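Reading through the structure tokens given below for one structure.
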């Protein structure tokens, strides 16, 4: 399994006729993503890489039943593109665009939530569920299908970590880049929750960086709610305070948001923090081994899990009871 | 982007927030003239972008024009945390009865603009937040609904009991909220907001940070950028569309992506070196960016070696390789350069690079160690 995107993803590309949009639309299609439509106002009835282009998102959704959108439009128009996708009923919107004003993001977020939609980004590389679907700009050749979930605030650092995992034979369920801005649609906790509920995911890598307090908040959440092992890396230990390090959100201000604080919070929550991205696979292997040993050493817990499985088959119809039942069983240990 | 106090107070005044009369100058004779014209005691205030100027002696009270001249002479040219004072604000001194703090920050957790007000004004608010957080009152404003007058009044009542002062303060808070949105601020601050013996509420300092991402639609604000207060290398980098931060070490870093660029710096430190900079060449792979990056780094006399770390995704390694070859022929670097190129079009890149014969490494850790080793040899 995977989170957020899979074979059922029917993708629409906003800004498909632009330089980045057209290139990545073709790349995503080549990877196997079901790219059903593109949108550029004024370019309706044309095609890009064999993908039909529409003038409005609404029309594209009506004609193609697209359920996911990815945005490559310039920063001045990106927020409008988010409103347009959400208003048309799209439930997953991925905004790749970098340079979106934070104040606009504050205004669009309540709209996204009211419509029951999820926004990933902005300023993110998107996400990929290996062999199923890729939405965004992550290079498809570095991932491999497997049981590791990856969450990151960065782009190329994510590639580095994924590449290290793949090199060690540790494939991924889904890799999500949540973006490096101050106001983002999906945060660490949203992804952790989804990975915890995803049956195939057995271990999680969380890549953080300086700025804000998302890592600290996530650390608390992990300690309280997660049964699956999490390994982390925090970028920006050598960053000077008060300076923005490339990402709009990567800044230590007023003594808060330091790498040191984040590493401490994670360590305290029992999350191993790697000193280099290349150490992530080894740390994760150890953490997963420990988790397995812990599970094996507690037969009572295993029985409980089995019992839930049986109960679950009995109460078959409601699919949602699956993860819920499982969590209760695990919490009981 | 940060703007100077005199610029922020002008924007505040444009929105109707009461500020004392004041003028900015870069000469002590003019400082004298301005103070003489005001014919009142004045404050002479250093205009710098760094914080803590008061503690550094950059804000002084002058009884008369002659005192203003002497103080301006001392303050102009003063070094405050590495920034040279080139301008002073001469502002009519106010009689202060009480000092409060009011500010709005973009709060990442609630994803809302959050007001902070405190009757403990005039001091470092971060210190107040750390030591006596109960003295700070907060309000997260719904960005869609905006700030309502009753909310502004509620906040004002946290500071004052007198209805006249509450009304004046509520009005200032409403206007400050407008400033926040109208200039796309990530922070606006009045510290202190004072009361006078006559009962007036006045803003006698102004701080404003602007969201860089919004500057494209705020040309008037963008023009306020004080290029001279910035590191020349950082200005040059911005013009070349590179994300760059100058540091003190000896290992120059050229990386694609902010997260990886930070990580590369971290590893330089981890393996015993010191990074000379943070530099992200961005997502595109324009060879000219590599040339510009190399040029900026080479202009730093502390640099002993340069490491280039590229993880090709959208960035194509062959484009970067072409940039490196071009940079070598144009700039003829005097320090060793070590390269690691992985990902999209890696093989082609290697072929291109064979013409310059550079040391290379295949992993992140190795390239960092190699760069430190080479820096040691040239030191």
Q | chain B - mean residue ellipticity at 222 nm from DSSP helices (-39,500 (n - 2.57) per run, n ≥ 4, rounded to 500) | A | -11500 deg cm²/dmol
Q: Return the Cα extents of region B:231-378 along principal axes one, two and three, sorted largest first, each rounded to a whole Å.
A: 34, 32, 29
Q. At 222 nm, what helix-only mean residue ellipticity would chain A give, in deg cm²/dmol to the nearest 500, using -39500 (n - 2.57) for each DSSP H run of four or more?
A. -13000 deg cm²/dmol
**Q.** Within 10 Å of each Cβ in A:149-159, the average number of Cβ atoms from other chains
**A.** 6
Q | Spherically averaged projected area in nm², based on the convex hull that wraps the Cα atoms of region B:47-87 | A | 2.6 nm²
Q: Once you have all Cα-Cα distances for region A:1-54, histogram them in 5 Å bins from zero and send the whole-percent values.
A: 4, 23, 32, 21, 12, 6, 2, 0
Q: Would you please put B:237-244, A:198-205 in order of how densely packed they are, using the mean number of other Cβ atoms within 10 angstrom per residue and starting with the highest?
A: A:198-205, B:237-244
**Q.** In Å, descending, principal axis extents of the Cα set of region B:127-186
**A.** 32, 30, 17
Q: From other protein chains only, count the Cβ atoms within 10 Å of every residue's Cβ in A:61-69, then give the mean.
A: 0
Q) Taking the Cα atoms only, what angle lies between the long axis of helix B:287-298 and the longest principal axis of chain B, rounded to 10 degrees? A) 70 degrees
Q.
Return the equivalent ellipsoid semi-axes of chain A as a descending list in whole Å, where each equals the square root of 5 times an eigenvalue of the C-alpha gyration tensor.
A. 33, 25, 18
Q) D for region B:1-156, whole µm²/s, Stokes-Einstein with Kirkwood Rh over alpha-carbon pairs at 10 °C and 1.306 mPa s: what number? A) 91 µm²/s
(Q) Please compute the alpha carbon radius of gyration of region A:219-258, then divide it by the globular-protein estimate 2.2 N^0.38 Å. Two decimals is fine. (A) 1.51
Q | Ranked packing of A:17-23, A:156-162, B:106-112, most packed first, by mean Cβ within 10 Å | A | A:156-162, B:106-112, A:17-23
Q: Give me a single rounded figure for A:97-110: the average over its residues of other chain Cβ atoms within 10 Å of their Cβ.
A: 6
Q: Can you tell me which of B:303-311, B:148-156 comes out highest on packing, and rank the rest after it, using the mean Cβ neighbours within 10 Å?
A: B:303-311, B:148-156
Q: Please work out the Kirkwood hydrodynamic radius for chain B, using every pair of different C-alpha atoms, and report it in angstroms with one decimal place.
A: 23.6 Å
Q. Regarding region A:1-123, what is the average projected area of its C-alpha convex hull, in nm²?
A. 7.0 nm²
Q: Run through every distinct alpha carbon pair of the protein assembly as shown and return the Kirkwood hydrodynamic radius in angstroms, one decimal place.
A: 27.6 Å
**Q.** Extent along principal axes [Cα atoms of region A:83-219; Å; largest to smallest]
**A.** 43, 32, 26
**Q.** Spread of Cα-to-Cα distances over 10 Å intervals beginning at zero, given as percent, for region B:98-222
**A.** 13, 45, 33, 8, 0
Q. Using the alpha-carbon atoms, what tilt in degrees (0 to 90, nearest 10) does helix B:5-14 show relative to the longest principal axis of chain B?
A. 60 degrees
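In terms of the ratio Rg/(2.2 N^0.38 Å) built on C-alpha atoms, what value belongs to region A:185-293?
Working: Rg = 14.0 Å, N = 109, 2.2 N^0.38 = 13.1 Å.
In units of the globular-protein estimate, region A:185-293 measures up at 1.07.
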Q | Rounded tilt (10° steps) of A:321-332 against the dominant C-alpha axis of chain A | A | 30 degrees
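Read the figures in this text as sums done on the coordinates, not as results from a lab. All values derive from a computational prediction rather than experimental measurement. In this analysis, Cβ positions are derived from the backbone assuming ideal geometry, glycine residues included, and neighbour counts consider all displayed protein chains.
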